[in-house]
Number of protein chains: 2
Amino acid sequence: MKQAIVVRTDVKMGKGKLAAQVAHASLAAAEEAARRPDWYSEWKEGGQAKIVLKVSSEDELQGLYQTARAERLPAALIRDRGLTQLEPGTVTCLGIGPAPEDKIDSVTGRLKLL
Amino acid sequence: MKQAIVVRTDVKMGKGKLAAQVAHASLAAAEEAARRPDWYSEWKEGGQAKIVLKVSSEDELQGLYQTARAERLPAALIRDRGLTQLEPGTVTCLGIGPAPEDKIDSVTGRLKLL
């Protein structure tokens, strides 16, 4: 089991801001996995493996989100409230999983690590 | 309500690795908050505010962890499994909260943003 978090590199964020957005996506996608408690438990017990990947546009992120949903994977798209560095409503990242590694890879396998 | 994640800057990590560790701390501390479901619910509904802060040594991080525990705040210290960039067992970061903002600030208020 693993979780993938995909980040937009075309949105400029400091590394603290970026880390907070990734954490937000991780938690939101993990909550989506409540429908699959077997996946969630196995992931937690196995050390909650996570990978952080990158895309360079919102279109790519939206496309991955639609694919993940179509594959019935837990997925959560994160919008920033825009109180600090970004415009309100800016989509920053996407959490997918926890889910079996092959299912995650079928959606995100071609992406590069951040 | 807010959550603070405190990161060691004396441990060198790429930004993807750093973000994954912060997400790990966020989720682990949020699970610790299961004992205070009122805090957790209010934090979630309010947009799960998070700040990412920094310290420059493990001693500082351990001190903050002890203080948070003494104040009965949800807290989780994260050790990396060391499969990639770090030595196994390296303490990388600390999640505190969600908890009321003043309680978080009493422990972390003097720290700088990452």
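The values are calculated or read from the model by the stated rules, or taken from the named source; none is laboratory data. These numbers were taken from a predicted model, which means no experiment stands behind them. Using ideal geometry, Cβ is built from the backbone for each residue, glycine included, and neighbour counts are taken over all protein chains shown. Surface areas here come from the heavy atoms of the whole protein model, side chains and all, with no ligands, DNA or RNA. Shrake-Rupley method; radii C 1.70, N 1.55, O 1.52, S 1.80 Å.
Every test in (1) among the hydrophobic types (A, V, I, L, M, F, W, C); (2) at pLDDT 95 or above; (3) under 16 Å from B:Lys15 (Cα atoms) is passed by A:Leu64 save one, and that test is (3). Scanning region B:28-47 for residues that are at the interface with chain A (Cβ under 7 Å from one of its Cβ atoms) and either free of Cβ contacts under 8 Å to residues at least 60 places away in the same chain or touching a Phe, Trp or Tyr at 6+ places or on another chain (Cβ under 6 Å) (or both) yields a single hit, B:Gly47.
The condition (being more than 19 Å from A:Leu114 (Cβ to Cβ) and out of contact with any Asp or Glu (no Cβ under 9 Å at 6 or more places or on another chain)) is satisfied by just one residue among A:Gly14, A:Gly82: A:Gly82.
Within region B:48-114, considering only strands (runs of 3 or more DSSP E) that don't extend past its boundaries, which have at least 3 residues that are more than 12 Å from every other protein chain (Cβ to nearest Cβ) and touching a residue at least 40 places away in the same chain (Cβ under 8 Å)? Before you say what the answer is, go through the steps one by one.
On the way: elements: B:50-55, B:75-79, B:91-99.
Those strands (runs of 3 or more DSSP E) span B:91-99.
In the set (1) closer than 24 Å to A:Glu42 by Cα; (2) open to solvent by 80 Å² or more (accessible area, probe 1.4 Å), the condition left unmet by A:Leu77 is number (2).
Can you confirm whether B:Val91 is open to solvent by less than 20 Å² (accessible area, probe 1.4 Å), more than 18 Å from B:Glu42 (Cα to Cα) and in contact with a Ser or Thr (Cβ under 8 Å, 6 or more places away or on another chain)? Reasoning before the result, please.
Values: open to solvent by less than 20 Å² (accessible area, probe 1.4 Å): yes; more than 18 Å from B:Glu42 (Cα to Cα): yes; in contact with a Ser or Thr (Cβ under 8 Å, 6 or more places away or on another chain): no.
It is false that B:Val91 is open to solvent by less than 20 Å² (accessible area, probe 1.4 Å), more than 18 Å from B:Glu42 (Cα to Cα) and in contact with a Ser or Thr (Cβ under 8 Å, 6 or more places away or on another chain).
Have a look at B:Thr9, B:Thr67 and point out the one that is closer than 23 Å to A:Lys17 by Cβ, among the hydroxyl-bearing types (Ser, Thr, Tyr) and open to solvent by 10 Å² or more (accessible area, probe 1.4 Å). Only one candidate qualifies: B:Thr9. Would you point out the residue of region A:21-33, among those that are in contact with a helix residue (DSSP H, G or I) (Cβ under 7 Å, 6 or more places away or on another chain) and of a type in the set (A, V, I, L, M, F, W, C), that is surrounded by the fewest Cβ atoms within 10 Å (Cβ to Cβ)? The qualifying residue surrounded by the fewest Cβ atoms within 10 Å (Cβ to Cβ) is A:Leu27.
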